[in-house]
Amino acid sequence: GKIVNINGGKTIIVSDDDGINASSAINFNGGVVDVTVSPNGDTDGIDSNGTVTISGGIIITRGPNSEMAAPLDSEYTMKMTGGILIVIGYPPKKLSVSGVTKTSSSNGLSMGTHTVTIGSSTITYTNTYTYKGACTVYGSGTATIN
């Protein structure tokens, strides 16, 4: 779509191509989004040809085992002011954060179930594949990644 707004609910995406793609903007305001793409190929988990803004919600996105694509990609700006973002694979290069802490670990990349604890939130996710890079968590406080 041109603009994708996610304001609530639970969205699970499994894709052989880009998981979420927009030509102008992707805005996360609430809800839970879990995106899985194959680690093989030129596929982005979340891809905006414009901007990405994260002000709330829980976003889990995975990316390929190649730096040619990314778990989270934007042509222009990526801004985060709230919510929790879990990036499995290579971390985004353009993400600008305000009031958000970044924690990175080699834990959380392998196939299977993993847990992230940040503040009073515990998030469990399952990887269908094993990914290269890091598990990088952005949120209010330092995260524990298992």
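Out of the range 55-73, which residues are in a strand (DSSP E or B) and without any contact (Cβ under 8 Å) to a residue 40 or more places away in the chain?
Step one: of the range 55-73, the residues in a strand (DSSP E or B) are 58-62, 72-73.
I59, L72, D73, listed by residue number.
The residue that is surrounded by the most Cβ atoms within 10 Å (Cβ to Cβ), counting only those in the range 13-27 that are within 14 Å of D47 (Cβ to Cβ) and either in contact (Cβ under 8 Å) with a residue 40 or more places away in the chain or of a type in the set (A, V, I, L, M, F, W, C) (or both), is I26.
Residues in the range 120-132 that are buried (at least 16 other Cβ atoms within 10 Å of the Cβ) and either hydrophobic (A, V, I, L, M, F, W, C) or in a strand (DSSP E or B) (or both): I123, Y125, N127.
Looking across the range 90-116, just one residue is under 17 Å from I58 (Cβ atoms), at pLDDT 95 or above and over 16 Å from the mean Cα position of the chain (by Cα), and that is T113. Screening C135 with (1) surrounded by 19 or more Cβ atoms within 10 Å (Cβ to Cβ); (2) not in a strand (DSSP E or B); (3) not acidic (D, E) gives one miss only, at (2).
Would you please name the residue that is surrounded by the most Cβ atoms within 10 Å (Cβ to Cβ), looking only at residues in the range 97-119 that are polar (S, T, N, Q) and part of a strand (DSSP E or B)?
T103
For G82, indicate whether it is closer than 25 Å to N146 by Cβ and either in contact (Cβ under 8 Å) with a residue 40 or more places away in the chain or surrounded by 15 or more Cβ atoms within 10 Å (Cβ to Cβ) (or both). In short, yes. Screening G89, G56 for residues that are closer than 20 Å to C135 by Cα, in contact with a Pro (Cβ under 8 Å, 6 or more places away or on another chain), of a type outside the set (S, T, Y) and surrounded by 15 or more Cβ atoms within 10 Å (Cβ to Cβ) leaves exactly one candidate, G89.
Go through the range 1-53 and give me each residue that's among the hydrophobic types (A, V, I, L, M, F, W, C) and either closer than 15 Å to T77 by Cβ or more than 14 Å from the chain's Cα centre (by Cα) (or both). Talk me through it step by step, then tell me what you get.
Within the range 1-53, the first condition is being among the hydrophobic types (A, V, I, L, M, F, W, C), and the residues that meet it are 3-4, 6, 12-14, 20, 22, 25-26, 28, 32-33, 35, 37, 46, 52.
Listed by number, the residues that qualify are I3, V4, A22, A25, I26, F28, I46, V52.
Answer with yes or no whether V4 is under 18 Å from G139 (Cβ atoms) and assigned to a strand (DSSP E or B). When the stated conditions are applied, V4 does not pass them.
The values are calculated or read from the model by the stated rules, or taken from the named source; none is laboratory data. The structure displayed is predicted, hence computed values, not measured ones. For neighbour counting, all protein chains shown are included, and Cβ atoms are generated from backbone atoms with ideal geometry for every residue, glycine included.
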